[in-house]
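One structure below.
The values are calculated or read from the model by the stated rules, or taken from the named source; none is laboratory data. Predicted model, so just to flag it, every value in this text is computed and none were measured. Cβ placement follows ideal geometry from the backbone for every residue including glycine, while neighbour counts extend to all protein chains displayed.
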Amino acid sequence: MRLHNRSDQWNQWNRPGGERTVRNQNGESGRSDRLSAPTVYDVAERSGVSIATVSRVYRNPDSVRAQTRDRVLEAARALGYVPSGNARGLASRTTGVLGLCFPDYADPDAETDAEAEAEADDSAVMLYSDQIIRGMERAARRHGYALLIAASLVGGPESLVAKVAGRVDGFAVLAKTVPTEDLEVISRRLPVVMLAGPREIDHLDHIEVANSDGERELARHLIRDHGLRSLAFVGGDRESPDAQARFRGYQEACREAGLPVADEPDLRAEMMTQAEGVRATDALLDRAAGRERPEAILFANDQMAIGALHALERRGLRVPDDIAVTGFDGIPLSRIVRPSLTTVRQPMRRLGEEAVELLVRRLADPARDPVSLMLPVSVARRASCGCG
């Protein structure tokens, strides 16, 4: 987890959605709250433990017996409690920080390739999550916020939520990263924006990209413009809504063209890394030994497709003459590999920027109707399919 600097010009009292102590002419104090917040005392009372035990559950969960820890977390969930991040948060309920919860999609093979191909061009090693983070950082800085990133699920979702939610004014989370019931708890206290995937919670702001449309157009291009009829699709984990939507778009294009298509991808890869792309390509070609191999392999993301380029070169197969390869995302590395990768470009930085804009608007107006945005994508036709 890392905290990025924000502008020193931010004024904690001017940030909307907070609370502060005020006094009337008689010196009586009161508090203007956005929401009435449950406290650590409430959690301790409900779970039947001491305040110190509640604190340890969040600060050092391994020091608390599992049964006790579960009882405390259940009480906190029922009350809608999240731990406060710092002393200023206790006083003002604002932190000047926005949060992003994201699985760690690091791909060492992609970083090595980018450094070799682009001579250590920093932009070339940026993957999907890096691009979203860059967009959020840019927009957060513009609004005077810092960005707190939880880029790992080590310790489990409960630990992740506790670390981030109590330290920020608003929270963006990638679909399927945090359990729905935990998001419900967080959203009682903080603005939450869901990134990617279907809208899981109707009352939350939500942003996704046109995954299905993009993959459908890409498959149509291979079928109509290149006359390819034997296609294979390598998808991602079933729990990835983006990967599932891309497969649906592929299926639609095949059915339109009268091509046979299965209910499941030809292969699935859980991590969607270059190494998985190599493994999937080898498996597909081994499966086709003695039979006609696919004319094209469509991958659910660029990282796997780039791995496929390496695997095919090692086997002595030419891309696109012997077999076409396509990806999805439009990461910078897709432009500089050889052959350059045909892919679907999605607006990854804009996804991050729009997340911040929605959080800032929700902080200013908590009662506004929830917003759901669909960002467009475009097909980048390059050498790996025979274009460019």
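Points to keep in mind about this one:
- From A66, A87, A52, residue being surrounded by fewer than 19 Cβ atoms within 10 Å (Cβ to Cβ), at pLDDT 85 or above and over 26 Å from D365 (Cβ atoms): A66
- Qualifying residue in segment 375-388 (condition: more than 26 Å from A305 (Cβ to Cβ) and in contact (Cβ under 8 Å) with a residue 60 or more places away in the chain): no
- Here G96 meets each of (1) buried (at least 16 other Cβ atoms within 10 Å of the Cβ); (2) in contact with a helix residue (DSSP H, G or I) (Cβ under 7 Å, 6 or more places away or on another chain); (3) modelled with pLDDT of 75 or more with one exception, condition (2).
- Whether a residue is touching a strand residue (DSSP E or B) at 6+ places or on another chain (Cβ under 7 Å), outside any strand (DSSP E or B) and within 15 Å of T342 (Cβ to Cβ) was assessed, and L228 passes this test.
- Close pairs (8 angstrom Cβ cut-off, 6 or more residues apart or separate chains): over 17 Å from P103 (Cβ atoms) and touching a residue at least 24 places away in the same chain (Cβ under 8 Å) in segment 184-211, part of a loop (DSSP other than H, G, I, E, B) and of a type in the set (F, W, Y) anywhere: V185/Y81; N211/F328
- When each of L351, L298, L341, L359 is tested for being surrounded by fewer than 24 Cβ atoms within 10 Å (Cβ to Cβ) and either modelled with pLDDT of 95 or more or touching a strand residue (DSSP E or B) at 6+ places or on another chain (Cβ under 7 Å) (or both), the lone residue that passes is L351.
- Filtered residues of segment 242-288 (kept if surrounded by fewer than 22 Cβ atoms within 10 Å (Cβ to Cβ) and either in contact with a His (Cβ under 7 Å, 6 or more places away or on another chain) or among the β-branched types (V, I, T) (or both)): V261, V278
- Selection count where residues are in contact with a helix residue (DSSP H, G or I) (Cβ under 9 Å, 6 or more places away or on another chain) and part of a helix (DSSP H, G or I), scope segment 360-388: 3
- Listed by first and then second residue, the pairs linking a residue in segment 328-341 that is more than 17 Å from S378 (Cα to Cα) to a residue that is buried (at least 24 other Cβ atoms within 10 Å of the Cβ) and hydroxyl-bearing (S, T, Y), with Cβ atoms under 7 Å apart and 6 or more places separating them unless they lie on different chains, are P339/S384.
- Test: residue in segment 130-139 that is at pLDDT 80 or above, surrounded by 21 or more Cβ atoms within 10 Å (Cβ to Cβ), at negative phi and part of a loop (DSSP other than H, G, I, E, B): no
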